[in-house]
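Note sheet for the following structure.
Each reported figure results from applying straightforward, stated rules to the coordinates on display, with no laboratory input. All figures in this text were calculated on a predicted structure; none of them were measured in a lab. Here the Cβ positions follow ideal geometry from the backbone for every residue, glycine too, while neighbour counts run over all protein chains shown.
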Amino acid sequence: MTRRRTTGDRIPGYVLGAYPAEPEGTDDKREFYRRLADIPGIGGLEVPFTPLRHGPGELRMPSRLPEHWHLVLTALPATVAATGMDPCFGLASADDCGRAAALAVHREMRDTVHRLAHQYGPGTVRAVLVHSAPGTAEPAALARSLAELATWDWAGARLLVEHCDAPRPGRRPAKGYLTLPQELQAIEAAGDDSIGLLVNWGRSVLEERSEEGAVRHLRQAAFAGRLAGLVFSGVAATGTAYGEPWSDGHLPVATEPGAPESLLTPELAHAAAAEARTAWLFGAKFAVRPRTVGLDERMAIVHASLRALPRPSPPPSHAAGYDRA
């Protein structure tokens, strides 16, 4: 197939991070993705990148990609796994060896982007999500890494820094990377206008322990001219089947069926979307717990959460492309 959309066009529909909601069995996973392709409003998938150290690797996506879907690759699962083994690993690491190791993993991700473009056609991979790990990170180190990444050929995919929660006094962070202002500082210092910042609703809310956290982060990124995307993902202030209080559990929307404990309500989703109306990418990422939930119920939860989200309005004409809308 050939995809002729330019890299400057907004990705149509929601890019769904479906892998936290996958069923466990191989046949059920295949049916899960087949049914997702029939849900209106899904424009593609967020796919976790797996380093290819032990063979060709496996991307968590259907073997046949629907023609109307696009892909966004995220480095976060690989980054979290690597920092668990080496706390100096990360694009924002002050340790030269740790930063070099992170760049090597991202080079593998770039090669995967090219492989997918060759397999499915140009423009299939629209963005790659990178992160400001490790927990002891420096904005200057992230700026150097971003500047280098921007010189690589990403087959038309756009580089986006996905903000994760940053440390706050007296709180245990989920990820604990750079603050949003520090990331914006690093993006600016990298010197490439196409690099944007993506806000994850749940991660911004858990960082600030407030439902207003995502709106504040969206406004900061927009004011800096770097807001590129918004991903809806829920969080809870209490312990749930999705994890401890304020954990990065990707709760569904607080709807039926869904997760009543989720702070992500349809009303708050609409408020965040209004702040992000010029964004280039809209996404959603939902888990389903417990893991024993059957396929029909699992699909119903994902479908209900997507129905509860606002339909992104067309961006103003000045927001198209890489003009730092």
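Look at LEU45 and say whether it is touching a residue at least 40 places away in the same chain (Cβ under 8 Å) and hydrophobic (A, V, I, L, M, F, W, C).
no
Can you find, within region 104-148, the residue that is surrounded by the fewest Cβ atoms within 10 Å (Cβ to Cβ) among those that are touching a residue at least 60 places away in the same chain (Cβ under 8 Å) and among the hydroxyl-bearing types (Ser, Thr, Tyr)?
Top of the filtered list is TYR120.
Given the residues ALA166, ALA155, which is the only one that is closer than 18 Å to THR79 by Cβ, buried (at least 17 other Cβ atoms within 10 Å of the Cβ) and small (Gly, Ala, Ser)?
Of the residues listed, the single one that is closer than 18 Å to THR79 by Cβ, buried (at least 17 other Cβ atoms within 10 Å of the Cβ) and small (Gly, Ala, Ser) is ALA166.
Being among the small types (Gly, Ala, Ser) and assigned to a helix (DSSP H, G or I) is the filter; apply it to region 170-201 and report the residue that is surrounded by the fewest Cβ atoms within 10 Å (Cβ to Cβ).
Here the residue is ALA189.
Give just the number: which of (1) within 15 Å of ALA276 (Cα to Cα); (2) of a type in the set (A, V, I, L, M); (3) out of contact with any strand residue (DSSP E or B) (no Cβ under 6 Å at 6 or more places or on another chain) does ALA186 not satisfy?
Checking ALA186 against (1) within 15 Å of ALA276 (Cα to Cα); (2) of a type in the set (A, V, I, L, M); (3) out of contact with any strand residue (DSSP E or B) (no Cβ under 6 Å at 6 or more places or on another chain), the one that fails is (1).
Quick one: which of ALA37, ALA18, ALA78 is of a type in the set (Gly, Ala, Ser), over 17 Å from HIS250 (Cβ atoms) and within 15 Å of the chain's Cα centre (by Cα)?
Result of the check over ALA37, ALA18, ALA78: ALA78.
Inspect region 209-224 for any residue being small (Gly, Ala, Ser), surrounded by fewer than 24 Cβ atoms within 10 Å (Cβ to Cβ) and not in a loop (DSSP other than H, G, I, E, B) and give the result as yes or no.
Yes: one or more hits.
Is there a residue being free of Cβ contacts under 8 Å to residues at least 60 places away in the same chain and surrounded by 17 or more Cβ atoms within 10 Å (Cβ to Cβ) anywhere in region 35-42?
no
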